[in-house]
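The structure appears below as structure tokens.
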Amino acid sequence: MDPSEFPRSGIMQMLGGRIDSSGEGVSVMSLPLEEKHMNPNGVVHGGVITTLMDEATGHAIVTIRGLETMAEAPHATIDMSVSFLSGARIGDE
């Protein structure tokens, strides 16, 4: 499925994230980091990264189920876990 076919959620529009590529069960997203994405310590806020993860997962599911099926029977993230290994800063992607 062409990434341009996916509707962008309001949160991704606000954050500035984009879908770079996708395939069956796969979604690659990126987000050029800006000041608005940083926590008070000057590194990306964990909620920004987890939001990007949740969006990528949702888009990967859409590549399998299709947009029409998703509209009729939407899905939701029930459980998600992340471990942060290092901090990203402004200008990182």
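Given a 1.4 angstrom probe, I'd like the percentage of the accessible area of region 9-93 that is carbon and sulfur, rounded to a whole number. Can you show the working numbers first?
On the way: 2890 of 5350 Å².
Answer for region 9-93: carbon and sulfur cover 54 percent of the accessible area.
Cβ under 15 Å from V82's Cβ, V82 left aside: what net charge do those residues give with Lys, Arg +1 and Asp, Glu -1? Numbers along the way, then the final one.
Working: positive: none; negative: D54, E55, D79.
Neighbourhood net charge equals -3.
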Relative counts (whole %) of C-alpha pair distances in the chain, using bins that are 10 Å wide
15, 46, 30, 9, 0
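Only sites in a loop by DSSP and with at most 11 other Cβ atoms within 10 Å count here; which GluC sites (Glu not before Pro) in region 3-60 make the cut?
E24
With a 1.4 Å probe and every protein chain left in place, work out the accessible area per residue of the chain in Å², rounded to a whole number. All intermediate terms of the calculation are to be shown ahead of the outcome.
Numbers: 5960 Å² over 93 residues.
Dividing the accessible area of the chain by its residue count gives 64 Å².
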Can you give me the distance in nm between label points at I90 and A76, each placed 7 Å from the Cα along the Cα-to-Cβ direction?
3.7 nm
Helix 46-65 vs. the chain, principal-axis angle (Cα, 0 to 90°, nearest 10):
20 degrees
What net charge is computed for the residues neighbouring G47, neighbours being all others with C-beta under 14 Å from the C-beta of G47, Lys and Arg scored +1, Asp and Glu -1?
-1
S30 versus R8: modelled label distance in nm, points set 7 Å from Cα along the beta carbon direction:
1.5 nm
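Can you give the calculated 222 nm mean residue ellipticity of the chain, where each DSSP H run of n ≥ 4 adds -39,500 (n - 2.57) and the sum is split over every residue, rounded to the nearest 500 deg cm²/dmol? Each step should come with its number before you reach the end.
Details: 3 runs with 32 residues, N = 93.
Taken over the chain, the calculation gives -10500 deg cm²/dmol.
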Rank by packing, highest mean first: peptides 78-84, 17-23, with packing defined as the count of other Cβ atoms within 10 Å averaged across residues.
17-23, 78-84
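The values are calculated or read from the model by the stated rules, or taken from the named source; none is laboratory data. Predicted, not measured: the structure shown is a model, and the values here were computed from it. Here Cβ is always computed from backbone atoms with ideal geometry, including for glycine, and neighbour counts include all displayed protein chains. The accessibility values were calculated without ligands, DNA or RNA, using every heavy atom of the protein model including side chains. Shrake-Rupley method; radii C 1.70, N 1.55, O 1.52, S 1.80 Å.
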